[in-house]
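J.: One structure coming up, written as structure tokens, with questions to follow.
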Amino acid sequence: MTSNSQTPATFKPSGPLAGKISVPGDKSISHRALIFSALAVGKSQITGLLEGEDVLATADALRAMGVKIDKKGDAWTVYGVGVGGLMQPTNALDMGNSGTSTRLLMGLIASHGISATFTGDASLSKRPMGRVIEPLSQMGADIRARETSDHKACLPLSVTGTCPAVPLEYRLPVASAQVKSAILLAGLNTPGITRIIEPVLTRDHSETMLKGFGADITVETNAEGSRVISLTGEAELMPQKIKVPGDPSSAAFLAVAALIVPGSDIIIENVGINPTRAGLYEILQQMGGDISFENDRTVGGEPVADIHIKHSALTGIDVPANIAPSMIDEFPILFVAAAIANGTTKTRGLHELRVKESDRLSQMAKGLELLGVELTEKEDGLIIEGSGGKPLSGGRTKHAMIESGLDHRIAMSFAVAGLATKSGLTIDDIAPVQTSFPGFSDLLTRLAS
Ligand code: S3P
């Protein structure tokens with residue numbers, strides 16, 4: 001993206017946030033709802049789908065492979081072609097900013113007798129794809145990727161699938177739900193049992209949803225405590241009616257905004273609180289955040305609640321590394337909470353943050369330093385000295401200019417930080433927010449007025 005297409009936005013100190021709101025549908029579940037529905041035999045219906053750019057990229061790619069998808073009101077209908085039924089796309093698949101679309105669809109194509117080229121924006125084109133290329137190649141796919149000067153395999157890349165593919169037993173070397181899901185998707189059209197050994201639990205939406213779609217999938221724990229996921233191909237998936245809950249990763253920005261702006265009291269309705277995603281809320285509670293879960297219920301196999309958040313004096317803590325996978329997307333906004341807390345917050349074990357939509361450790365450190373926050377950037381985490389509830393000073397400059405680095409979560413984190421500054425801040429480009437949280441700025445403004 002060039003500077004010409006950037007959309008700057010200013011966020012200023014705000015009065016208390018109040019009201020009842022809901023956030024757009026869960027991004028991870030939305031991608032999976034579209035993809036699994038595309039592989040079922042017949043018509044699935046999805047409501048609450050996130051209509052952000054990332055999910056729309058997945059929908060467009062599926063359409064390019066012969067899947068009819070349409071929308072009436074809030075309801076999306078996917079006319080599934082059955083496992084093995086995808087067609088050869090004629091053009092390159094443009095994945096935009098979306099790592100999830102790319103890695104999951106690479107898995108899908110790996111065991112179909114078709115080939116596809118994947119392209120993406122400047123951020124996505126820097127992200128490592130070796131983690132999916134390795135297992136999918138072992139299953140028989142032929143994948144050619146651009147090699148960077150530091151020998152990383154990146155977009156653009158092409159995948160030529162093979163049918164039948166070879167079932168794989170694979171131990172995940174990185175805690176990644178995207179890698180796990182890519183292999184499961186490849187396994188759906190592969191004869192025999194595809195087995196994944198997951199030493200560190202990551203979000204489990206794929207396993208839960210595949211079971212719901214009727215796949216033969218089991219999850220066990222082995223003697224060393226790892227999860228063992230076994231999927232029998234060639235699966236026949238049955239069409240479903242799916243209700244996508246609100247995204248806890250999107251709700252996180254509003255939750256922290258309410259915690260740090262004095263006098264705030266908000267309820268975010270209908271949020272997914274799957275334990276593999278809810279780590280941030282646990283940590284914020286440990287920091288003294290007044291957060292309660294109301295109307296707990298289960299929707300489509302996923303735990304859902306209304307989250308009630310009141311302004312609270314937060315205290316810095318030592319965040320254990322083993323909670324990271326359950327809040328991997330929430331560290332940028334946790335760093336903002338830490339910057340306002342009383343005392344020191346230490347985080348570690350966060351190497352993965354360096355290969356997200358941006359290098360989130362360095363991007364957050366740079367921006368927070370501009371706001372006068374004292375911090376130390378380590379290779380695998382940040383150590384942040386909180387202001388003790390005082391507004392951030394704007395640091396050396398009165399009104400800080402923050403770079404979002406083509407990263408939606410960096411942009412939203414600093415938008416929230418802006419509410420807790422003395423004189424506001426400007427983010428160079430708010431456009432990336434469209435990937436996961438359309439309407440974010442309006443919602444934040446509405447809560448504060
Ligand atoms: C996702 C998994 C996570 C997360 C991403 C969405 C998913 O990535 O950061 O935003 O939907 O599977 P990794 O699995 O690579 O950690």
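The values are calculated or read from the model by the stated rules, or taken from the named source; none is laboratory data. Everything quoted here is computed from the prediction, not taken from an experiment. A quick note on method: Cβ atoms are made from the backbone with ideal geometry, for glycine too, and the neighbour counts reach across all protein chains shown. Heads up: the accessible areas ignore ligands, DNA and RNA and are worked out on the full protein's heavy atoms, side chains in. Shrake-Rupley method; radii C 1.70, N 1.55, O 1.52, S 1.80 Å.
J.: On average over all directions, what projected area in square nanometres does region 27-243 have, based on the convex hull of its Cα atoms?
T.: 10.8 nm²
J.: Between region 389-449 and region 213-255, what is the C-alpha centre distance in whole Å?
T.: 33 Å
J.: Show me the ranking of peptides 86-95, 241-250 by mean Cβ neighbours inside 10 Å, starting with the highest.
T.: Highest mean packing first, the order is 241-250, 86-95.
J.: Now, a different point. Say each of His351 and Asp216 gets a label point 7 Å from the Cα, pointing the same way as Cα to Cβ; how far apart are those two points in nm?
T.: Placing both labels 7 Å beyond Cα along the Cβ direction yields 3.7 nm.
J.: Moving on to the next point. Ala122 versus Ser158, label points 7 Å from Cα toward the beta carbon: distance in nm?
T.: Going by the 7 Å Cα→Cβ label model, 2.7 nm.
J.: Please calculate how many Å² of accessible area region 1-97 carries per residue, with a 1.4 Å probe and no DNA, RNA or ligand atoms counted.
T.: Spelled out: the 1.4 Å probe surface of region 1-97, per residue, equals 42 Å².
J.: With a/c under 1.5 counting as rounded, go ahead and sort region 262-304 into rounded, prolate or oblate using the C-alpha gyration tensor (a ≥ b ≥ c being the square roots of the eigenvalues; past the cut-off, prolate if a/b is larger than b/c, else oblate).
T.: Oblate, since a/c reaches 1.5 and b/c is not below a/b.
J.: At a 1.4 Å probe, what is the % contribution of carbon and sulfur to the accessible area of the chain?
T.: It is 50 percent, rounded to a whole number.
J.: Return the subset of Lys68/Lys211; Lys43/Lys72; Lys180/Lys211 for which the Cα-Cα distance in this structure is over 19 Å, preserving the input order.
T.: Exceeds cut-off: Lys68/Lys211.
J.: Another one. Taking a probe of 1.4 Å, how large is the accessible area per residue of region 306-449, in Å²?
T.: Computed with neighbouring chains in place, this is 35 Å² per residue.
J.: Turning to a different aspect of this structure: Return the distance in nm (one decimal) between the two label points of a simple spin-label model at Ala321 and Glu379, each offset 7 Å from Cα along Cα→Cβ.
T.: 1.1 nm
J.: Now for a separate question. If I take R0 = 51 Å and measure r between the Cβ atoms of Ser115 and Ser292 in this structure, what FRET efficiency does the formula 1/(1 + (r/R0)^6) give, to the nearest 0.05?
T.: Computed FRET efficiency for Ser115 and Ser292: 0.50.
J.: Considering only region 27-243, what is the antiparallel percent among its DSSP beta bridges, to the nearest 5?
T.: Rounded to the nearest five, the antiparallel share is 80 percent.
J.: Quickly rank 181-190, 254-263 as a protection proxy: mean count of other C-beta atoms within 10 Å, highest first.
T.: So the peptides 181-190, 254-263, ranked by packing, come out 181-190, 254-263.
J.: Continuing with this model, one more query. Relative contact order for region 27-243 using alpha-carbon pairs under 8 Å, separation at least 6, rounded to a whole percent?
T.: That works out to 21 percent.
J.: Provide the gained length on full extension for the span Ala75 to Lys12, in nm with one decimal, where the gain is 0.36 nm per separating residue minus the Cα-Cα distance.
T.: Length gained, Ala75 through Lys12: 19.0 nm.
J.: So which GluC sites (Glu not before Pro) in region 320-405 are both in a DSSP loop and have at most 13 other Cβ atoms within 10 Å of their Cβ?
T.: Glu379
J.: Measuring from centroid to centroid over Cα atoms, what is the spacing of region 302-329 and region 135-191 in Å?
T.: With region 302-329 and region 135-191 each reduced to a Cα centre, they are spaced 32 Å.
J.: Please list, or write none, the aspartates and glutamates whose alpha carbon is within less than 13 Å of the alpha carbon of Lys366, excluding same-chain residues fewer than 8 places away.
T.: Glu374, Glu377, Glu403
J.: Under the definition of Cα pairs under 8 Å and six or more residues apart, what whole-number percent is the relative contact order of the chain?
T.: Once divided by the residue count of the chain, the mean separation gives 18 percent.
J.: May I pose another question? Going from the alpha-carbon gyration tensor of the chain, what semi-axes, largest first and in whole Å, does one get by taking the root of 5 times each eigenvalue?
T.: 37, 23, 21
J.: Can you give the helix-only mean residue ellipticity at 222 nm for the chain, where every DSSP H stretch with n ≥ 4 adds -39500 (n - 2.57) and the sum goes over all residues, rounded to the nearest 500 deg cm²/dmol?
T.: Only helices count here, giving -8500 deg cm²/dmol.
J.: Roughly what % of DSSP beta bridges within region 117-265 run antiparallel, to the nearest 5?
T.: If I count the DSSP bridges inside region 117-265, around 90 percent turn out antiparallel.
J.: Holding the Cα-Cα limit at 24 Å, pick out from Lys243/Lys310; Lys12/Lys378; Lys27/Lys126 the pairs that are longer than that.
T.: Lys243/Lys310; Lys12/Lys378
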